[in-house]
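Notes to accompany the following structure.
The values are calculated or read from the model by the stated rules, or taken from the named source; none is laboratory data. Only a predicted model underlies this, so the values are computations on that prediction, with no experimental measurement involved. Cβ atoms come from the backbone with ideal geometry, glycine included; neighbour counts cover every protein chain shown.
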Amino acid sequence: MKRPVVLLLGPSREAISGVTTHVNALFGSRLAAHFELVHFQVGSEGRQEGALGKLLRFVTSPFALASAIVRHDAELVHINTSLNAKSYWRDLAYLVVAKLCGARVVYQVHGGSLATFGSSFVRWSARLPDVVVVLSHAERDRFRAAAPAQLVEALPNGIDCQPYQRYNRALPERDAPLRLIYIGRLAPGKGLLESLEALRIARTRGVAARLVLVGSGPEEPRLRQYVRDAGLVRDVTFVGPAYGDVKARLLSQADVLVLPSYSEGLPYSLLEAMAAGVVPVVTPVGAIPDVVAEGEHGLLVPPRDADAIAIAIERLSKDKAALARMSAVCRKHVAAAYSIERVAKDFSELYWGLCARPAPNPAR
């Protein structure tokens, strides 16, 4: 039987972003055994183009999508978007084109919130896809309230846990410095300055801790200057971007993930860290409260609050038994609820439900 064709819209598969990670995970999952997945690139990542080239692409890309739908005889178009002005208006055009071409549309929202971005027009347009997919239960409830007749599903991200669970974790030594880590873009909105200030505060309170920053981005010069000014040169290490086994090994050598973002969808760095047994100190934004229960998997702190982060660091530094307990719970939690196998199963069921044909017998 010919596999149904699904056009997966997203950035270049070589780009560094959460959406790219999601798209690549779907391509590498068992989903590809039952559906013919075809990538349709959107956005400017991975392209060499000037202002004129961007404008030309903006005008012509909806026609390119229509051509791809017809050429591949695509039954489904899976749009990966965010609730910000740039992504929303671009992807709304793709949504309309896909519907006009007769394709079923999965509209997956990876970031932003209807509570802050929503308008009457946005709420109206939420009725256009065949299904809206969000990352958190709170966002699912907002979409259902805005468009009561719309099918809205909360399908959180998932990862291949095996690379992060292959390393055994030694129990944290009582008097050893607490090993903190951040993985991701060194960009505004990630709470990085607050993390550094929290480390400075914790050090003044006698807490022994070290922080490894993994990644690169526009905030790096500012962060390096802050480290020098705060006298943290011996306590903070910049290691640049890390991938694959290098990233897994860095996580295996860390105790605590510090990720006090101002806003998020569901960060892959959080799932990867928890799969490796790294206890998160995070803000309750986006889908994070669905993943991290206070005191069970990690600690929740308010956004933009360096003192709260410092208190969390001090608490974990002084209670290594609780740190070890949460570490073990994190590994089990992610393996059980946030695996790529679960993601493939969820989307397979969703895709077959939108196709006009029965799912294949899994026993065959």
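Here are a few things to note about the model shown:
- Residue match in the stretch 248-255 (condition: modelled with pLDDT of 95 or more, more than 30 Å from residue 341 (Cβ to Cβ) and assigned to a loop (DSSP other than H, G, I, E, B)): no
- Filter result (surrounded by fewer than 12 Cβ atoms within 10 Å (Cβ to Cβ) and closer than 15 Å to residue 9 by Cβ) within the stretch 29-66: 63
- Note on the stretch 300-349: residues that are among the β-branched types (Val, Ile, Thr), in contact with a Pro (Cβ under 9 Å, 6 or more places away or on another chain) and in a helix (DSSP H, G or I) total 2.
- Residue 284 within 18 Å of the chain's Cα centre (by Cα) and surrounded by fewer than 18 Cβ atoms within 10 Å (Cβ to Cβ): yes
- Hits in the stretch 84-125 (condition: modelled with pLDDT under 90 and either in contact with a His (Cβ under 6 Å, 6 or more places away or on another chain) or not in a helix (DSSP H, G or I) (or both)): 84, 111, 112, 113, 118, 119
- Note on the stretch 199-225: residues that are under 20 Å from residue 241 (Cβ atoms) and touching a Leu at 6+ places or on another chain (Cβ under 9 Å) total 13.
- Unique residue being surrounded by fewer than 21 Cβ atoms within 10 Å (Cβ to Cβ), touching a residue at least 60 places away in the same chain (Cβ under 8 Å) and assigned by TED's automatic domain parsing to the domain that holds residue 169 when the list is 262, 243, 226: 262
- Condition met for residue 20 (touching a strand residue (DSSP E or B) at 6+ places or on another chain (Cβ under 9 Å), more than 21 Å from residue 129 (Cα to Cα) and assigned to a helix (DSSP H, G or I)): yes
- Flag if residue 122 is assigned by TED's automatic domain parsing to the domain that holds residue 350, farther than 24 Å from residue 268 by Cβ, among the β-branched types (Val, Ile, Thr) and surrounded by fewer than 22 Cβ atoms within 10 Å (Cβ to Cβ): yes
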